Amino acid sequence: MSWSLNIGSIAGTAIRLHITFILFLAWIFGAIYVTGGPDAAWSGLIFMLLLFACVVAHEFGHIFTARAFGVKTPDVTLLPIGGVARLERIPEKPSEEFLIAIAGPLVNVAIALILLLAGADLHTGAMAAIDNTQIPMIDRLASVNLFLALFNMIPAFPMDGGRILRALLAARMGFVRATEWAASIGQLFAFALGFIGLFYNPILIFIAIFVYLAAASEAHMVALREVARGVPVTAATMTQIATLTRDTPIEEAVQTLFRTSQSEFPVVDHAGKPVGLLARADIIRALKERGPDALVHQAMSTTIPTIGQRRCLDEALRLLQEKQAPAIAVVDPAGRFVGLISAETVGELMLVRAAMPRGARIGPWSRPARA
(Lines give C-alpha, C1' and ligand atoms only; values in the text may rest on other atoms or scores of the structure.)
Protein backbone atom coordinates (compact mmCIF):
# COMPACT_ATOMS: atom_id res chain seq x y z
CA MET A 1 0.00 0.00 0.00
CA SER A 2 1.37 3.43 -0.97
CA TRP A 3 2.17 6.10 1.63
CA SER A 4 3.15 3.46 4.19
CA LEU A 5 6.34 2.83 6.15
CA ASN A 6 7.75 -0.66 6.69
CA ILE A 7 8.68 -1.04 10.38
CA GLY A 8 9.67 -4.71 10.34
CA SER A 9 8.10 -8.12 9.91
CA ILE A 10 6.55 -10.91 11.96
CA ALA A 11 6.72 -14.50 10.74
CA GLY A 12 7.52 -13.36 7.21
CA THR A 13 4.72 -10.77 6.98
CA ALA A 14 5.79 -7.12 6.72
CA ILE A 15 4.23 -4.64 9.17
CA ARG A 16 3.51 -1.25 7.62
CA LEU A 17 2.39 2.01 9.18
CA HIS A 18 0.29 4.16 6.89
CA ILE A 19 1.08 7.87 7.06
CA THR A 20 -2.48 8.57 8.22
CA PHE A 21 -1.93 6.24 11.19
CA ILE A 22 1.15 8.20 12.27
CA LEU A 23 -0.76 11.47 11.91
CA PHE A 24 -3.64 9.94 13.89
CA LEU A 25 -1.33 9.06 16.80
CA ALA A 26 0.13 12.58 16.75
CA TRP A 27 -3.38 14.08 16.76
CA ILE A 28 -4.46 11.87 19.70
CA PHE A 29 -1.33 12.81 21.65
CA GLY A 30 -1.81 16.54 20.98
CA ALA A 31 -5.52 16.52 21.79
CA ILE A 32 -5.03 14.75 25.12
CA TYR A 33 -2.02 16.93 25.95
CA VAL A 34 -4.10 20.09 25.55
CA THR A 35 -6.92 18.83 27.74
CA GLY A 36 -5.10 16.68 30.30
CA GLY A 37 -1.43 17.56 30.30
CA PRO A 38 1.69 15.52 29.48
CA ASP A 39 0.99 12.57 31.82
CA ALA A 40 -2.47 12.00 30.34
CA ALA A 41 -1.07 12.42 26.82
CA TRP A 42 1.59 9.75 27.30
CA SER A 43 -0.95 7.46 28.96
CA GLY A 44 -3.33 7.92 26.04
CA LEU A 45 -0.56 7.25 23.52
CA ILE A 46 0.46 4.05 25.30
CA PHE A 47 -3.17 2.90 25.30
CA MET A 48 -3.50 3.56 21.56
CA LEU A 49 -0.33 1.59 20.87
CA LEU A 50 -1.63 -1.31 22.95
CA LEU A 51 -4.95 -1.08 21.13
CA PHE A 52 -3.30 -1.30 17.74
CA ALA A 53 -1.15 -4.19 18.99
CA CYS A 54 -4.49 -5.94 19.54
CA VAL A 55 -5.46 -4.97 15.98
CA VAL A 56 -2.22 -6.53 14.69
CA ALA A 57 -3.01 -9.69 16.67
CA HIS A 58 -6.47 -9.68 15.06
CA GLU A 59 -4.92 -9.49 11.59
CA PHE A 60 -2.47 -12.27 12.37
CA GLY A 61 -5.43 -14.42 13.31
CA HIS A 62 -6.47 -14.07 9.66
CA ILE A 63 -2.89 -14.48 8.43
CA PHE A 64 -2.03 -17.71 10.24
CA THR A 65 -5.37 -19.26 9.32
CA ALA A 66 -4.89 -18.24 5.69
CA ARG A 67 -1.44 -19.82 5.65
CA ALA A 68 -2.94 -23.07 6.86
CA PHE A 69 -4.86 -23.13 3.56
CA GLY A 70 -1.81 -22.19 1.47
CA VAL A 71 -2.66 -18.50 1.06
CA LYS A 72 0.41 -16.23 1.25
CA THR A 73 0.27 -13.02 3.28
CA PRO A 74 2.90 -10.46 2.17
CA ASP A 75 2.06 -7.61 4.54
CA VAL A 76 -0.35 -5.97 6.95
CA THR A 77 -0.93 -2.20 7.01
CA LEU A 78 -2.09 -0.23 10.06
CA LEU A 79 -4.65 2.49 9.32
CA PRO A 80 -6.55 4.80 11.69
CA ILE A 81 -9.65 2.59 11.28
CA GLY A 82 -7.76 -0.66 11.94
CA GLY A 83 -5.50 -3.08 10.11
CA VAL A 84 -5.61 -4.53 6.60
CA ALA A 85 -3.86 -7.85 5.98
CA ARG A 86 -3.15 -8.39 2.29
CA LEU A 87 -3.84 -11.92 1.12
CA GLU A 88 -2.40 -12.87 -2.27
CA ARG A 89 -5.68 -14.57 -3.13
CA ILE A 90 -9.13 -15.03 -1.63
CA PRO A 91 -10.02 -18.69 -1.14
CA GLU A 92 -13.16 -19.59 -3.03
CA LYS A 93 -14.02 -22.56 -0.83
CA PRO A 94 -16.73 -21.26 1.53
CA SER A 95 -15.40 -23.23 4.50
CA GLU A 96 -11.89 -21.79 4.10
CA GLU A 97 -13.08 -18.20 3.77
CA PHE A 98 -15.37 -18.65 6.77
CA LEU A 99 -12.52 -19.87 9.00
CA ILE A 100 -10.10 -17.17 7.79
CA ALA A 101 -12.68 -14.42 8.34
CA ILE A 102 -13.82 -15.53 11.79
CA ALA A 103 -10.28 -16.08 13.11
CA GLY A 104 -9.71 -12.32 13.58
CA PRO A 105 -12.72 -11.60 15.84
CA LEU A 106 -11.97 -14.77 17.81
CA VAL A 107 -8.51 -13.38 18.60
CA ASN A 108 -10.12 -10.23 20.07
CA VAL A 109 -12.53 -12.34 22.11
CA ALA A 110 -9.59 -14.37 23.41
CA ILE A 111 -7.69 -11.20 24.39
CA ALA A 112 -10.78 -9.82 26.19
CA LEU A 113 -11.22 -13.10 28.10
CA ILE A 114 -7.56 -13.13 29.14
CA LEU A 115 -7.84 -9.55 30.41
CA LEU A 116 -11.04 -10.39 32.29
CA LEU A 117 -9.32 -13.34 33.93
CA ALA A 118 -6.48 -10.96 34.86
CA GLY A 119 -8.97 -8.80 36.76
CA ALA A 120 -10.38 -6.41 34.17
CA ASP A 121 -13.98 -5.20 34.25
CA LEU A 122 -16.14 -4.35 31.27
CA HIS A 123 -17.31 -0.74 31.07
CA THR A 124 -20.11 0.29 28.73
CA GLY A 125 -18.63 3.79 28.55
CA ALA A 126 -15.13 2.68 27.63
CA MET A 127 -15.67 3.00 23.87
CA ALA A 128 -17.31 6.39 24.25
CA ALA A 129 -14.20 7.72 25.98
CA ILE A 130 -11.23 5.45 25.32
CA ASP A 131 -8.95 8.26 26.41
CA ASN A 132 -10.69 8.54 29.80
CA THR A 133 -7.87 8.02 32.29
CA GLN A 134 -10.45 7.56 35.08
CA ILE A 135 -11.14 4.10 33.63
CA PRO A 136 -8.26 1.64 34.25
CA MET A 137 -6.32 0.86 31.10
CA ILE A 138 -6.87 -2.89 31.44
CA ASP A 139 -10.64 -2.32 31.61
CA ARG A 140 -10.60 -0.17 28.50
CA LEU A 141 -8.53 -2.73 26.60
CA ALA A 142 -10.92 -5.54 27.52
CA SER A 143 -13.95 -3.48 26.51
CA VAL A 144 -12.38 -2.29 23.25
CA ASN A 145 -11.37 -5.84 22.22
CA LEU A 146 -14.90 -7.04 22.76
CA PHE A 147 -16.18 -4.08 20.74
CA LEU A 148 -13.72 -4.83 17.91
CA ALA A 149 -14.95 -8.42 17.75
CA LEU A 150 -18.59 -7.30 17.53
CA PHE A 151 -17.90 -4.41 15.13
CA ASN A 152 -16.02 -6.66 12.72
CA MET A 153 -18.98 -9.04 12.62
CA ILE A 154 -21.06 -6.40 10.80
CA PRO A 155 -22.09 -8.15 7.55
CA ALA A 156 -20.43 -5.62 5.24
CA PHE A 157 -17.22 -5.69 3.20
CA PRO A 158 -14.43 -5.23 4.14
CA MET A 159 -15.50 -6.25 7.65
CA ASP A 160 -15.01 -9.88 8.60
CA GLY A 161 -18.76 -10.22 8.90
CA GLY A 162 -19.12 -9.47 5.18
CA ARG A 163 -16.75 -12.30 4.29
CA ILE A 164 -18.50 -14.65 6.73
CA LEU A 165 -21.82 -13.74 5.12
CA ARG A 166 -20.38 -14.43 1.64
CA ALA A 167 -19.02 -17.80 2.78
CA LEU A 168 -22.43 -18.81 4.13
CA LEU A 169 -24.22 -17.64 0.98
CA ALA A 170 -21.64 -19.21 -1.33
CA ALA A 171 -22.45 -22.65 0.06
CA ARG A 172 -25.94 -22.23 -1.47
CA MET A 173 -25.66 -19.93 -4.51
CA GLY A 174 -22.06 -19.95 -5.69
CA PHE A 175 -19.15 -17.56 -5.09
CA VAL A 176 -19.99 -14.85 -7.64
CA ARG A 177 -23.68 -14.55 -6.77
CA ALA A 178 -22.84 -14.66 -3.05
CA THR A 179 -20.39 -11.79 -3.52
CA GLU A 180 -23.04 -9.69 -5.26
CA TRP A 181 -25.50 -10.26 -2.41
CA ALA A 182 -22.89 -9.65 0.31
CA ALA A 183 -21.69 -6.46 -1.46
CA SER A 184 -25.25 -5.13 -1.78
CA ILE A 185 -25.96 -5.82 1.89
CA GLY A 186 -22.68 -4.15 2.79
CA GLN A 187 -23.61 -1.03 0.84
CA LEU A 188 -26.99 -0.89 2.62
CA PHE A 189 -25.14 -0.98 5.94
CA ALA A 190 -22.87 1.79 4.64
CA PHE A 191 -25.90 4.00 3.93
CA ALA A 192 -27.23 3.25 7.43
CA LEU A 193 -23.88 4.09 9.05
CA GLY A 194 -23.63 7.32 7.07
CA PHE A 195 -27.14 8.35 8.08
CA ILE A 196 -26.43 7.67 11.75
CA GLY A 197 -23.16 9.58 11.44
CA LEU A 198 -25.01 12.70 10.27
CA PHE A 199 -26.70 12.94 13.66
CA TYR A 200 -24.27 11.36 16.11
CA ASN A 201 -20.65 10.91 15.02
CA PRO A 202 -19.05 12.25 11.81
CA ILE A 203 -16.43 9.48 11.95
CA LEU A 204 -19.19 7.05 11.00
CA ILE A 205 -19.59 8.92 7.70
CA PHE A 206 -15.92 8.27 6.88
CA ILE A 207 -16.32 4.58 7.79
CA ALA A 208 -19.50 4.40 5.68
CA ILE A 209 -17.70 5.75 2.59
CA PHE A 210 -14.87 3.28 3.11
CA VAL A 211 -17.28 0.34 3.49
CA TYR A 212 -19.31 1.37 0.43
CA LEU A 213 -16.25 1.65 -1.83
CA ALA A 214 -14.73 -1.57 -0.50
CA ALA A 215 -17.95 -3.48 -1.17
CA ALA A 216 -18.12 -2.15 -4.74
CA SER A 217 -14.45 -2.98 -5.32
CA GLU A 218 -14.87 -6.53 -4.03
CA ALA A 219 -17.89 -7.18 -6.26
CA HIS A 220 -16.09 -5.73 -9.29
CA MET A 221 -12.98 -7.87 -8.77
CA VAL A 222 -14.93 -11.10 -8.32
CA ALA A 223 -17.06 -10.36 -11.41
CA LEU A 224 -13.92 -9.67 -13.40
CA ARG A 225 -12.32 -12.95 -12.35
CA GLU A 226 -15.46 -14.81 -13.37
CA VAL A 227 -15.47 -13.19 -16.81
CA ALA A 228 -11.77 -14.05 -17.27
CA ARG A 229 -12.10 -17.68 -16.19
CA GLY A 230 -10.99 -20.02 -18.98
CA VAL A 231 -10.34 -17.18 -21.47
CA PRO A 232 -6.88 -17.25 -23.11
CA VAL A 233 -4.47 -14.48 -22.17
CA THR A 234 -4.10 -13.47 -25.82
CA ALA A 235 -7.74 -12.33 -25.92
CA ALA A 236 -6.89 -9.31 -23.75
CA THR A 237 -3.24 -8.76 -24.65
CA MET A 238 -2.08 -5.44 -26.09
CA THR A 239 0.27 -6.44 -28.89
CA GLN A 240 0.89 -3.07 -30.57
CA ILE A 241 3.27 -1.99 -27.85
CA ALA A 242 6.38 0.18 -28.10
CA THR A 243 9.33 -1.40 -26.31
CA LEU A 244 12.60 0.04 -25.08
CA THR A 245 16.05 -1.42 -24.42
CA ARG A 246 18.22 -1.04 -21.34
CA ASP A 247 20.56 1.42 -23.06
CA THR A 248 17.86 3.62 -24.60
CA PRO A 249 18.31 7.26 -23.47
CA ILE A 250 15.51 8.70 -21.37
CA GLU A 251 15.17 11.46 -23.98
CA GLU A 252 14.12 8.83 -26.53
CA ALA A 253 11.72 7.32 -23.98
CA VAL A 254 10.11 10.76 -23.61
CA GLN A 255 9.62 10.99 -27.37
CA THR A 256 8.07 7.52 -27.38
CA LEU A 257 5.79 8.61 -24.55
CA PHE A 258 4.51 11.49 -26.70
CA ARG A 259 4.00 9.29 -29.77
CA THR A 260 1.95 6.62 -28.01
CA SER A 261 -0.84 6.41 -25.47
CA GLN A 262 1.15 4.00 -23.28
CA SER A 263 1.86 4.67 -19.63
CA GLU A 264 4.12 1.61 -19.17
CA PHE A 265 6.94 0.58 -21.48
CA PRO A 266 8.37 -2.95 -21.45
CA VAL A 267 12.16 -3.10 -21.52
CA VAL A 268 13.57 -6.02 -23.50
CA ASP A 269 17.06 -7.45 -24.04
CA HIS A 270 18.78 -8.27 -27.34
CA ALA A 271 16.81 -11.56 -27.55
CA GLY A 272 13.47 -9.80 -27.09
CA LYS A 273 12.94 -11.09 -23.56
CA PRO A 274 11.42 -8.70 -20.97
CA VAL A 275 13.91 -7.51 -18.35
CA GLY A 276 12.05 -4.59 -16.81
CA LEU A 277 9.27 -2.03 -16.97
CA LEU A 278 9.54 1.73 -17.33
CA ALA A 279 6.48 3.66 -16.16
CA ARG A 280 5.59 7.27 -16.90
CA ALA A 281 6.46 8.23 -13.33
CA ASP A 282 9.89 6.60 -13.73
CA ILE A 283 10.57 8.70 -16.83
CA ILE A 284 9.63 11.95 -15.06
CA ARG A 285 11.73 11.06 -12.02
CA ALA A 286 14.74 10.19 -14.18
CA LEU A 287 14.45 13.51 -16.02
CA LYS A 288 14.41 15.42 -12.73
CA GLU A 289 17.22 13.50 -11.06
CA ARG A 290 19.54 12.49 -13.93
CA GLY A 291 18.55 14.57 -16.96
CA PRO A 292 17.69 13.54 -20.54
CA ASP A 293 21.01 11.67 -21.03
CA ALA A 294 20.14 9.05 -18.41
CA LEU A 295 19.62 5.52 -19.63
CA VAL A 296 16.48 3.41 -19.26
CA HIS A 297 18.14 0.79 -17.05
CA GLN A 298 18.92 3.51 -14.49
CA ALA A 299 15.21 4.26 -14.01
CA MET A 300 13.30 1.08 -14.84
CA SER A 301 11.81 -1.44 -12.45
CA THR A 302 13.43 -4.84 -12.84
CA THR A 303 10.52 -6.73 -11.33
CA ILE A 304 8.05 -7.35 -14.14
CA PRO A 305 5.73 -10.36 -13.80
CA THR A 306 5.44 -12.56 -16.89
CA ILE A 307 2.87 -15.07 -18.06
CA GLY A 308 2.86 -17.47 -20.99
CA GLN A 309 0.64 -16.66 -23.94
CA ARG A 310 -1.06 -20.04 -23.62
CA ARG A 311 -2.23 -19.40 -20.05
CA CYS A 312 -5.67 -18.18 -18.99
CA LEU A 313 -6.61 -14.59 -18.25
CA ASP A 314 -7.79 -15.31 -14.71
CA GLU A 315 -4.20 -16.33 -13.89
CA ALA A 316 -2.99 -12.98 -15.22
CA LEU A 317 -5.51 -11.15 -13.03
CA ARG A 318 -4.33 -13.10 -10.01
CA LEU A 319 -0.74 -12.09 -10.81
CA LEU A 320 -1.75 -8.43 -11.07
CA GLN A 321 -3.33 -8.65 -7.63
CA GLU A 322 -0.61 -10.70 -5.97
CA LYS A 323 2.36 -8.72 -7.28
CA GLN A 324 0.68 -5.30 -7.05
CA ALA A 325 2.16 -4.66 -10.51
CA PRO A 326 0.95 -2.04 -13.03
CA ALA A 327 1.29 -4.51 -15.89
CA ILE A 328 2.21 -8.09 -16.83
CA ALA A 329 4.36 -9.08 -19.79
CA VAL A 330 2.98 -11.86 -21.99
CA VAL A 331 5.71 -14.09 -23.40
CA ASP A 332 5.93 -16.88 -25.98
CA PRO A 333 7.32 -20.37 -25.19
CA ALA A 334 10.87 -19.06 -25.77
CA GLY A 335 10.35 -16.25 -23.25
CA ARG A 336 10.22 -13.48 -25.84
CA PHE A 337 7.93 -10.50 -25.30
CA VAL A 338 4.56 -10.77 -27.06
CA GLY A 339 2.39 -8.12 -25.45
CA LEU A 340 1.19 -6.48 -22.26
CA ILE A 341 -1.77 -6.80 -19.93
CA SER A 342 -2.44 -3.84 -17.62
CA ALA A 343 -5.12 -2.69 -15.21
CA GLU A 344 -6.36 -0.33 -17.95
CA THR A 345 -6.78 -3.25 -20.35
CA VAL A 346 -8.83 -5.09 -17.77
CA GLY A 347 -10.99 -2.01 -17.17
CA GLU A 348 -11.68 -1.68 -20.89
CA LEU A 349 -12.64 -5.35 -20.99
CA MET A 350 -15.29 -4.79 -18.31
CA LEU A 351 -16.65 -1.71 -20.13
CA VAL A 352 -16.98 -3.65 -23.40
CA ARG A 353 -18.71 -6.59 -21.76
CA ALA A 354 -21.12 -4.33 -19.86
CA ALA A 355 -22.05 -2.55 -23.11
CA MET A 356 -22.77 -5.79 -24.98
CA PRO A 357 -26.46 -6.67 -25.52
CA ARG A 358 -27.81 -9.77 -23.81
CA GLY A 359 -26.88 -12.89 -25.74
CA ALA A 360 -24.22 -11.13 -27.83
CA ARG A 361 -20.73 -12.51 -28.38
CA ILE A 362 -17.47 -10.86 -29.46
CA GLY A 363 -14.52 -13.22 -29.76
CA PRO A 364 -14.25 -15.19 -26.50
CA TRP A 365 -16.48 -12.72 -24.65
CA SER A 366 -20.19 -13.28 -24.29
CA ARG A 367 -23.02 -11.95 -22.17
CA PRO A 368 -25.74 -14.34 -21.06
CA ALA A 369 -29.20 -13.79 -22.48
CA ARG A 370 -30.60 -13.83 -18.98
CA ALA A 371 -29.07 -12.13 -15.94
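The values are calculated or read from the model by the stated rules, or taken from the named source; none is laboratory data. From a predicted model like this one, the values you see are computed outputs, not experimental measurements. Note: ideal-geometry Cβ built from the backbone for every residue, glycine included; neighbour counts use all protein chains shown. Accessible surface is based on the protein model in full, side chains and every heavy atom, while ligands, DNA and RNA are left aside. Shrake-Rupley method; radii C 1.70, N 1.55, O 1.52, S 1.80 Å.
Structure notes:
- The residues neighbouring residue 74, those whose beta-carbon lies less than 13 Å from its own, together hold a net charge of +2 under the Lys/Arg +1, Asp/Glu -1 convention.
- Number of Lys-Lys pairs in the chain with C-alpha atoms under 27 Å apart and a separation of 8 or more places or on different chains: 4.
- GNM remark for the chain: springs join alpha carbons under 10 Å apart, and the peak mean-square fluctuation among 251, 218, 315 falls on 251.
- Diffusion constant of the stretch 232-308 at 25 °C, which comes from Stokes-Einstein with the Kirkwood Cα-pair radius and 0.890 mPa s, µm²/s: 192
- For the chain, the relative contact order is 10 percent, taking Cα pairs closer than 8 Å that sit 6 or more residues apart in sequence and dividing their mean separation by the residue count.
- Cα centroid separation - the stretch 230-278 against the stretch 1-54, whole Å: 42
- Axial C-alpha extent at least 27 Å, average Kyte-Doolittle at least -1.0 - helices from the chain (DSSP): 38-68, 94-117, 175-199, 203-228
- For the chain, built as a Gaussian network whose Cα springs stay under 10 Å, the top-fluctuating residue of 248, 65, 77: 248
- Springs between Cα atoms under 10 Å define the GNM used for the chain, and in it the highest mean-square fluctuation of 253, 167, 183 occurs at 253.
- Solvent-accessible surface ranking, highest first, for 297, 270, 18 at 1.4 angstrom: 270, 297, 18
- Within the chain, the longest segment free of exposed loop sites, counting chymotrypsin sites (Phe, Trp or Tyr not before Pro) that fall outside DSSP classes H, G, I, E and B and have at most 12 other Cβ atoms within 10 Å, spans 4-199.
- Here the alpha carbons of the chain define both size measures, Rg and Dmax, at 24.3, 71 Å.
- Computed [θ] at 222 nm, helices only, for the chain once each DSSP H run of length n ≥ 4 contributes -39500 (n - 2.57): -18000 deg cm²/dmol
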